[in-house]
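Working notes, structure below.
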Amino acid sequence: MRVKICGVTDPEAFQAACAAGADFVGFVFFPPSPRAVSPGAAASLSALHPGGPGRVGLFVDPDDDALATVLRAVSLDVVQLHGDETPERLAAIRVRFGVRVMKAVGVATRAEAEDAVARFGPVAEMLLFDAKPPPGATRPGGNAVPIDWSVLRGLDVPVPWLLAGGLSPANVAEAIAVSGAPGVDVSSGVERARGVKDPALIRAFIAAARGA
């Protein structure tokens, strides 16, 4: 069971994720998000624990200059694309920057999930299935909205994938059981205030996911 703690912004949360055995720690490079960090801040956090979890950078429709600026400052294992990027754009980023790419897609139905797999499965190293943002949302993810987990059950996905959207220590085990997800991603579900992670909730989430 792979676990990603996304939207980490402070040393306590970063160290808690590392100590609890997270597989990935996510840094958000999307200014409208309350979890956004600068490239320098992400580099400082990453330096606190050499090795350990994979570093994931979340971007929304980034141009090459934005990606280059971040990658000059902090080494990322995966670039997570959470906007309207096309399969061709994913392939171009992989070639130009030599990074693994994860495509996040908002889905509400089985057909949408299958379409996402058909489009992005051949070009992405990982997929992330999230809920569609609610009307009026200013961000594509991190809105604490759950998916109908059952639409993902038995889905044939050729690459590793993560389930996101409204997960918390209280529901992650059920979400895994219903969806069959091999990995989970959490952001707002382990926060004590908007954009502020709670180390105790991080530990509880990882324990619940691994115990599912």
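Among the residues of the stretch 3-37, write down those that are within 22 Å of residue 85 (Cβ to Cβ) and open to solvent by 50 Å² or more (accessible area, probe 1.4 Å).
The answer is 31, 32.
Might you check whether a residue that is modelled with pLDDT of 95 or more, surrounded by 15 or more Cβ atoms within 10 Å (Cβ to Cβ) and of a type in the set (A, V, I, L, M) occurs anywhere in the stretch 139-146?
Checked the stretch 139-146: no residue is modelled with pLDDT of 95 or more, surrounded by 15 or more Cβ atoms within 10 Å (Cβ to Cβ) and of a type in the set (A, V, I, L, M).
Looking at (1) modelled with pLDDT of 95 or more; (2) out of contact with any strand residue (DSSP E or B) (no Cβ under 9 Å at 6 or more places or on another chain); (3) within 30 Å of residue 153 (Cβ to Cβ), which is the one condition that is false for residue 108?
(1)
I'd like to know if the stretch 104-111 contains one or more residues that are within 30 Å of residue 179 (Cβ to Cβ), of a type in the set (S, T, N, Q) and surrounded by fewer than 15 Cβ atoms within 10 Å (Cβ to Cβ).
The answer is yes; a qualifying residue exists.
Does residue 65 satisfy being surrounded by fewer than 20 Cβ atoms within 10 Å (Cβ to Cβ), without any contact (Cβ under 8 Å) to a residue 60 or more places away in the chain and either part of a helix (DSSP H, G or I) or touching a strand residue (DSSP E or B) at 6+ places or on another chain (Cβ under 6 Å) (or both)? Walk me through how you get there before you give the answer.
Values: surrounded by fewer than 20 Cβ atoms within 10 Å (Cβ to Cβ): yes; without any contact (Cβ under 8 Å) to a residue 60 or more places away in the chain: yes; either part of a helix (DSSP H, G or I) or touching a strand residue (DSSP E or B) at 6+ places or on another chain (Cβ under 6 Å) (or both): yes.
For residue 65, the condition - surrounded by fewer than 20 Cβ atoms within 10 Å (Cβ to Cβ), without any contact (Cβ under 8 Å) to a residue 60 or more places away in the chain and either part of a helix (DSSP H, G or I) or touching a strand residue (DSSP E or B) at 6+ places or on another chain (Cβ under 6 Å) (or both) - is met.
Identify, please: which residue in the stretch 172-192 is open to solvent by 50 Å² or more (accessible area, probe 1.4 Å) and without any contact (Cβ under 8 Å) to a residue 40 or more places away in the chain and is, among those, nearest to residue 56 (Cα to Cα)?
Top of the filtered list is 192.
Picking from 55, 100, 72, which residue would you name as being within 26 Å of residue 116 (Cα to Cα), out of contact with any helix residue (DSSP H, G or I) (no Cβ under 6 Å at 6 or more places or on another chain) and not hydrophobic (A, V, I, L, M, F, W, C)?
100
Could you tell me whether the stretch 49-56 includes any residue that is in a strand (DSSP E or B) and under 18 Å from residue 123 (Cβ atoms)?
Within the stretch 49-56 (the criterion being in a strand (DSSP E or B) and under 18 Å from residue 123 (Cβ atoms)), the answer is yes, since at least one residue qualifies.
The values are calculated or read from the model by the stated rules, or taken from the named source; none is laboratory data. Predicted model only: the values in this text are computed from it and were never measured. Virtual Cβ from ideal backbone geometry, glycine too; neighbours counted across all protein chains shown. In case anyone asks, the SASA skips ligands and DNA or RNA and just uses the protein heavy atoms, side chains included. Shrake-Rupley method; radii C 1.70, N 1.55, O 1.52, S 1.80 Å.
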